[in-house]
Amino acid sequence: MQLTAGSITNKRQFMGFAMILVFLVVVWNTAGWIITGKDQQLILYGLAAVIGVLVVYIMKDWRTGVLLFFLWLLFEDLARKYVNNNMVVYFGKDFLLTVAYLSYYLTRRHRRMELFKLPFLVPIGLFFFLALIQVFNTWSPSVLYGILGMKLYFFYIPLAYLGYAMMERPSDLNRFLLINVLAGSVIAALGVVQSVLGIDFLTPDDLAPELVALTRLNRYSPVTHSLSAATTSVFVSTGRYSAFLVLLWILTLGTMGYLLLCREKGAIYCVVGVGLATLAAINSGTRTPVVFIGASALIMASAFIWGVPWGFGYGTRMLKTVRRAFLVSAVGLLIMTTYFPEAISGHWAFVSETLSFGGQGSELQGRAVDYPMENLLKAFQHERWLIGYGTGTNSLGLQYVSRLLDQPPVNIGVESGYGMLVVEMGILGLVLWFVWSGAVLFYAWKTVRQLRDTVYFPIAFAIWWYAFVLLVLLPYLTASYQNFVMCAYLWILIGILFRMPKLAEMSNPAPATNRVVAMESWQVATSGRRV
């Protein structure tokens with residue numbers, strides 16, 4: 001059936017009238033919220049509009065959509081602070097990621113793309129089926145706890161496929177790294193500003209009751225009794241912020257080494273980012289980032305010197321990278337102690353006094369050995385440690401499920417990440433965790449060794465080291481893997497790591513060094529041709 005000119009005109013008029021009507025409704029509601037002071041509704045309305053735009057963009061271009069998802073992931077908590085911890089905002093990231101998965105799948109159906117094959121699919125598959133079975137554990141109060149646990153453990157694993165497919169050219173890697181380093185540097189800078197201005201900066205007065213204890217945490221040093229108000233920056237808890245600083249420092253140093261070897265633009269942002277992350281860690285009022293950043297500095301510096309190509313001046317540039325990282329961190333601390341001594345003194349007193357080896361007030365033995373082991377052994381004191389109580393019964397966020405079910409929270413929890421696995425899935429869950437995480441680290445290390453003596457080695461080793469910290473070291477202290485920020489970055493970076501050998505086979509993204517240019521000029525002058 002053909003459409004006449006009149007019918008087309010009528011259709012356009014109807015669409016135009018509908019758009020005007022929608023616009024008037026939007027303006028009317030917005031004006032009403034502003035007049036009545038309903039800031040939360042206005043923020044939620046704005047976030048809904050942003051999500052709508054992002055959905056359209058992700059369906060159109062899933063690669064850029066993944067980058068936008070990570071930006072939303074980093075700043076989502078800031079919105080939660082100002083909308084009374086609204087769960088719609090909390091699950092907004094999961095909705096966006098689901099759209100990205102769908103867009104990737106549809107694109108792959110219509111366009112030939114190389115599919116990533118997980119070399120550790122079998123061990124992680126065994127862990128998945130055990131967790132799935134434990135969803136229906138008869139001792140679990142509700143299957144909703146199991147759904148929560150499955151989401152925390154496995155929802156972000158497909159990001160490895162997307163990360164692998166995103167890296168078609170070295171420029172794709174550069175863009176992903178720089179965007180995330182810049183966003184992380186902004187978060188670290190806001191944390192430093194918050195340590196100077198006070199916790200009320202980026203923290204509303206009408207904070208949700210369940211977030212008050214997580215956000216407003218004050219500690220006192222044991223010897224000098226100096227106040228250390230833990231900072232959160234854009235996050236809703238000091239724990240999530242301190243864990244992110246560990247990720248940021250590792251990723252930024254690896255990116256800096258990679259960009260300097262490639263002679264790519266953007267390395268200066270990484271230099272600043274390392275300094276901000278170091279300064280933010282000391283001003284965070286928590287010990288975890290200070291300890292892990294200090295250990296990462298020594299291990300990554302040694303690895304960089306061992307694994308980078310030393311010919312044509314690459315080794316010298318790598319030494320400069322390590323030197324710049326330490327230098328910019330020292331300068332940042334010097335500026336902070338000179339101009340804002342009150343802001344840093346309490347944090348430094350708390351960290352130095354509690355981590356001093358054998359000193360008065362030291363908690364080094366207690367926090368590093370006694371407390372984590374106590375929580376791990378506590379898991380084996382439960383009567384069902386052999387079989388477990390069910391997936392999700394000790395997971396992060398179970399208080400929201402309890403609220404939904406209108407019942408008290410499950411009181412079987414431990415803080416140890418390893419102990420949590422025993423409580424939820426029994427001893428077999430802990431065994432399979434070591435099996436699949438060990439497989440991930442083994443195959444990732446094989447890829448890192450493959451990239452030795454290439455410009456990709458610094459960022460490749462940084463990804464492997466981050467995976468080791470998140471899967472092996474941090475679970476000894478807390479349930480770090482269930483931190484959705486840390487988990488999402490783990491899997492996207494795993495996919496990127498396994499794609500790097502393909503990128504290394506392409507033309508070298510690094511411009512020729514001065515020595516190479518000089519040698520080629522000499523060859524042209526002496527023989528009249530390039531060799």
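Just a few scattered comments:
- Cα-Cα pairs of the stretch 165-245 separated by more than 15 Å (percent): 65 percent
- When you count the other C-beta atoms within 10 angstrom of each residue and take the mean per peptide, 341-352, 117-128 line up highest first as 341-352, 117-128.
- Residues 59, 486 arranged by fewest to most Cβ contacts within 10 Å: 59, 486
- Between residue 298 and residue 365, the simple spin-label model (points 7 angstrom out along Cα→Cβ) gives 2.0 nm.
- Karplus-derived HN-Hα couplings along the stretch 296-305 (A = 6.51, B = -1.76, C = 1.60, θ = phi - 60°), whole Hz, x at Gly and Pro: 5, 4, 5, 6, 5, 4, 5, 5, 4, 5
- Computed from backbone phi with θ = phi - 60° and the Karplus coefficients 6.51, -1.76 and 1.60, the 3J(HN,Hα) list for the stretch 55-70 is 4, 4, 5, 5, 5, 7, 8, 5, 5, 5, x, 5, 4, 5, 4, 5 Hz; x is used for glycine and proline.
- Principal axis dimensions, the stretch 120-524 - Cα atoms, whole angstrom, descending: 80, 53, 41
- Residue 286 sits among other residues whose Cβ lies under 12 Å from its own Cβ, and their net charge, with Lys and Arg +1 and Asp and Glu -1, is +4.
- If you take the alpha carbon atoms of the stretch 413-478 and fit the smallest convex hull around them, that volume is 60 Å³ per residue.
- Here the stretch 33-113 is treated as an ellipsoid with the same Cα gyration tensor; its semi-axes, largest first and in whole Å, are 29, 12, 9.
- Global geometry of the stretch 264-387, whether rounded, prolate or oblate, following the gyration tensor of its Cα atoms and the 1.5 cut on a/c: oblate
- Taking only Cα atoms of the stretch 399-509, radius of gyration then Dmax in Å: 17.8, 60
- Residues whose amide H falls under 5 Å from that of residue 219, counting only those 5 or more places apart or on a different chain, are 228, 229, 230, with hydrogens built in the peptide plane.
- Among 89-98, 473-482, the order from most to least packed when residues are scored by Cβ within 10 Å on average: 473-482, 89-98
- Cα-Cα over 20 Å, subset of 265/320; 60/93; 446/502; 265/446; 60/502; 117/446: 265/446; 60/502
- When 364, 197, 471 are sorted by how many other C-beta atoms sit within 10 angstrom of their C-beta, beginning with the fewest, the order is 197, 364, 471.
- Note that the stretch 74-79 has calculated 3J(HN,Hα) couplings of 6, 10, 4, 4, 4, 5 Hz, one per residue in order, obtained from phi through the Karplus relation 6.51 cos²θ - 1.76 cosθ + 1.60 (θ = phi - 60°); glycine and proline are x.
- Selection from 190, 445, 364, by position along the positive dipole direction of the chain (Cβ): 445
- Calculated FRET efficiency, residue 404 to residue 59, Cβ-Cβ distance, R0 = 45 Å: about 0.90 to the nearest 0.05.
- Annotation: peptides 415-425, 183-193, ranked by per-residue average of other Cβ atoms within 10 Å with the highest first, follow the order 415-425, 183-193.
Read the figures in this text as sums done on the coordinates, not as results from a lab. What you see is a predicted model, and the numbers here were worked out from it, not measured in a lab. Note: ideal-geometry Cβ built from the backbone for every residue, glycine included; neighbour counts use all protein chains shown.
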